[in-house]
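What follows is one structure encoded as structure tokens, with my remarks underneath.
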Amino acid sequence: MITLKNRPSDKTRFYQWQDKVFKYFALCCTLIGLFVLALLLYNILSVGLHRLDWNFLNSTSSQRASNAGIKSAMVGTVYIALYTSLFALPIGISAAIYLEEYAGKNKFTNFLEVNIANLAGVPSVIYGLLGLEVFSRIMMLKNSILTGSLTLALLILPIIIVSTREALKSVPYSLREASYALGASKWQTIWHQVLPASSGGIFTGIILALSRAIGETAPLIVIGAVVFIKTVPNSIMDKFTVLPIQIFHWISQPQKAFAANAAAGIIVLLLITFLLNGIAVYLRYRWQKKIKW
Amino acid sequence: MSQKIEVKNANVYYGMEHALINVSMNIKANTVTALIGPSGCGKSTFLRLFNRMNDLIENCRVEGQILVDGQDIYNPKVNVNELRKSIGMVFQKPNPFPKSIYENVAYGLKVNGIKDKRLIEEKVEQSLKQAALWDEVKDKLKKSALALSGGQQQRLCIARALAVSPSVLLMDEPASALDPISTMKIEELIFNLKSSYTILIVTHNMQQATRTSDKTAFFYMGELVEYDDTRTLFTNPKFERTQNYITGRFG
């Protein structure tokens, strides 16, 4: 026989009160992030939206704020994103496949794993110094798109390796077993079964890594990306600038008009990043819908 | 009838663990052999000897001789991928590939280098018919295999194994995850496949062993305790341990 009291004990009431307090505290914490984002968006939209027109998108650097645009920076960003993925993806995915599928469990692979995890935590400016010394000076590639994309490729390599490994790990062993039992080789099993089954997770990792690369400023400043550029790069050996650097440059100008340019540039950069993140979310959603274990 | 499979003093070790102890057994072609015993007794390890799936487990060591059609399958010259083509396997949990029904059955042929589309189509149809699944799926071959029911998925896995034309079929508790009707269908299937294949089936279900098999092997703690005609083993076992297990006193 249970007894239901109308008035709960003091202890019970205290716990219920505690529950409520924590709920609202957690809600406030969630809202802080959103509030800051909203403030930021409001700020840049009010300052920069009026500057965002075809002229702005289609002009290069200029000493006069009203003539300056982001064409060179946008083309530079596209080039950098393209070549960075060209270098980082094959190497990163192959390395992840090796570590996850081929490498046994021993001291050497353990050593590799720990160091890749460490690399993911190295500050990006250090990668810039590495790129400056190795690619720019020793290999004499100067401050070209090639140097920039090689440097950023190194930067996102550990991220791609780690996220690809997680995606490969999520493929159940029974799937591999079924493939081996039919006489498939290891590579056939990876190529026909494991990679397609994990492609959603791999893509998500790639796109998040790429949006990180697109937003990087420090390593590119270190390797000597230019800030004032009248030309649009059209070869991999050309000097270049990217959106974050262009924005950084405009903000450091004393004239107020450049602040509007910077805000407009931020809007474009945010749009690109949101777009990439949107693609990542969509791919993950499709992957989860398509494949049920 | 000649012996299809001969096992001579097989021992399997997982690291320090002695999982299969000195097992010898002969199996005739076109028979069904049931492997029974409590969990961890070594019956699945024994089953996986024949398509060398134990090779995939680290620290696993196999000793002794295993002959299929008179050939030692653990000879270093044997190509494991070729071996697995002639010895098919069906797993406990249905594990279709997350692809279409058609692609599931065609996969084994494709990875073995067969490109002729007509040949593949014929083989897919033939295998699905053999697995008694054709009538249920012939209109939706391009649909995802994951949309099928558990019983259908398991018959698809059997069709997938049959497509590469094995002569031996290994089944690791093929009906343990299925409902009674699907189980019945699988058992009927086993009976029909016997004329063309030599079948080994691991099962925890005594009735299933008596219904489907010609011979039964009882394993206990890594040893083969008793191996005899199914009827003899279930009605008149020689050893008390077998008697205790089949009457449900333990295990």
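The values are calculated or read from the model by the stated rules, or taken from the named source; none is laboratory data. Everything quoted here is computed from the prediction, not taken from an experiment. Here Cβ is always computed from backbone atoms with ideal geometry, including for glycine, and neighbour counts include all displayed protein chains. Side chains are part of the model used for accessible areas, which takes the heavy atoms of the whole protein and leaves out ligands, DNA and RNA. Shrake-Rupley method; radii C 1.70, N 1.55, O 1.52, S 1.80 Å.
Each residue of region A:94-111 in turn: what ³J(HN,Hα) in whole Hz from Karplus with 6.51, -1.76, 1.60 and θ = phi - 60°, glycine and Pro shown as x?
4, 4, 5, 4, 4, 5, 7, 9, 9, 5, x, 8, 8, 4, 5, 5, 4, 4
Applying 1/(1 + (r/R0)^6) with R0 = 60 Å to the Cβ-Cβ distance of A:Gln63 and B:Ile57, what FRET efficiency is obtained, to the nearest 0.05?
According to the calculation, E is roughly 0.30.
For an R0 of 56 angstrom, estimate the FRET efficiency from the Cβ-Cβ distance between B:Asn22 and A:Val122 and round to the nearest 0.05.
The pair B:Asn22/A:Val122 has a calculated efficiency of 0.50.
Carbon and sulfur atoms: what percent of the 1.4 Å accessible area of the protein assembly as shown do they account for?
Carbon and sulfur atoms account for 60 percent of the accessible area of the protein assembly as shown.
For region B:3-246, what's the relative contact order in percent, using C-alpha pairs closer than 8 Å and at least 6 residues apart? Let's see the in-between values first.
Details: 467 pairs, mean separation 68.5, N = 244.
Computed over region B:3-246, the figure is 28 percent.
Average partner chain C-beta neighbours within 10 Å, per residue of B:91-101?
For this peptide, the per-residue mean of nearby foreign Cβ atoms is 4.
What distance in nm separates the two pseudo spin-label positions at A:Ser46 and B:Val78, each 7 Å out from Cα along the beta-carbon direction?
Roughly 7.8 nm, to one decimal.
Restricting to DSSP H runs of at least four residues, report the calculated mean residue ellipticity at 222 nm for chain A, -39500 (n - 2.57) per run over all residues, nearest 500 deg cm²/dmol.
-22500 deg cm²/dmol
Taking the Cβ of B:Gly15 as the center, what net charge do the other residues with Cβ under 9 Å away carry, scoring Lys and Arg +1 and Asp and Glu -1?
Summing Lys and Arg as +1 and Asp and Glu as -1 gives -1.
Restricting attention to region A:196-293, which trypsin sites (Lys or Arg not before Pro) occupy a DSSP loop and are surrounded by at most 11 other Cβ atoms within 10 Å?
Of the trypsin sites (Lys or Arg not before Pro), the ones in loops of region A:196-293 whose Cβ has at most 11 other Cβ atoms within 10 Å are A:Lys230, A:Lys292.
Using a 10 Å cut-off on Cβ to Cβ distances, tally the other chain neighbours for every residue of B:177-186 and report the average as a whole number. Don't skip to the answer; put the middle values down first.
Working: counts 0, 0, 0, 0, 0, 0, 0, 0, 0, 0.
Mean shielding by partner chains, rounded to a whole number: 0.
Which order do peptides A:49-56, A:18-25, B:37-44 fall in by mean Cβ count within 10 Å, highest first? Each step should come with its number before you reach the end.
On the way: A:49-56: 14.8, A:18-25: 9.6, B:37-44: 19.2.
Output ranking for A:49-56, A:18-25, B:37-44: B:37-44, A:49-56, A:18-25.
Let's test the formula: R0 of 56 Å, r as the Cβ-Cβ distance of A:Trp187 and A:Val21. What FRET efficiency results, to the nearest 0.05? Write down the numbers at each step before the final one.
Numbers: r = 57 Å, r/R0 = 1.02.
With R0 = 56 Å, the Cβ-Cβ based efficiency is 0.45.
Ignoring ligands, DNA and RNA and using a 1.4 Å probe, state the total buried accessible area between A and B in Å², rounded to the nearest 100.
The A and B chains share an interface burying roughly 1800 Å².
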